[in-house]
């Protein structure tokens with residue numbers, strides 16, 4: 001009697017991810033500098049199919065980029081602030097101008113369009129309270145169409161991860 005093997009499969013747009021793809025992604029999340037040989041040993045495939053799968057995952061956009069994660073406190077960005085921003089006007093043109101200005105602000109490392117009382121949530125890093133004050137007064141508050149800004153200062157990071165596939 002044949003044994004049925006449960007195949008784990010996830011669909012992302014038009015690309016289906018099988019158990020081996022997910023295993024490769026898990027390994028890359030843990031160490032993006034791992035060699036194809038190291039990954040192939042861990043996922044129990046030869047190097048050629050692992051290389052081809054990684055290339056397919058990159059070309060399809062599942063793997064967007066490879067990055068080095070830094071400890072913000074060790075690169076003189078010890079102050080982290082969550083800024084909630086509401087706009088005065090809510091139209092495509094006004095929102096586009098705000099987004100364009102945010103994309104030019106190096107202090108803003110993440111920006112989310114959100115629902116609720118505020119329109120955007122920004123994650124801002126700064127060297128100090130004085131540097132954040134300068135950013136708030138001279139950059140963020142000067143952006144066109146700003147209605148209200150609420151700053152929440154991060155006291156400590158409990159969990160911060162980039163792992164999407166477990």
- Selection within the stretch 76-98 - in a strand (DSSP E or B) and free of Cβ contacts under 8 Å to residues at least 24 places away in the same chain: none
- Query: Cβ-Cβ below 6 Å, separation at least six or inter-chain, first residue in the stretch 101-116 and in contact (Cβ under 8 Å) with a residue 24 or more places away in the chain, second assigned to a loop (DSSP other than H, G, I, E, B) and surrounded by 10 or more Cβ atoms within 10 Å (Cβ to Cβ): which pairs?
  - Reply: 101/143; 105/139
- Task: Kindly establish whether residue 160 is modelled with pLDDT under 95 and surrounded by 10 or more Cβ atoms within 10 Å (Cβ to Cβ).
- Result: no
- Task: Consider residue 101 carefully, then state whether it is more than 30 Å from residue 20 (Cα to Cα), loosely packed, with under 14 Cβ neighbours inside 10 Å and not assigned by TED's automatic domain parsing to the domain that holds residue 15.
- Result: no
- Checking residue 55 against (1) outside the structural domain of residue 27 (by TED's automatic domain parsing); (2) without any contact (Cβ under 8 Å) to a residue 24 or more places away in the chain, which test does it fail? (1)
- Please indicate, with yes or no, whether at least one residue in the stretch 142-151 is modelled with pLDDT under 95, in the same structural domain as residue 80 (by TED's automatic domain parsing) and loosely packed, with under 12 Cβ neighbours inside 10 Å. yes
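The values are calculated or read from the model by the stated rules, or taken from the named source; none is laboratory data. This one's a predicted model, so the numbers in the text were calculated from it and none came from an experiment. With ideal geometry, Cβ positions are generated from the backbone for all residues, glycine too; neighbour counts draw on all protein chains shown.
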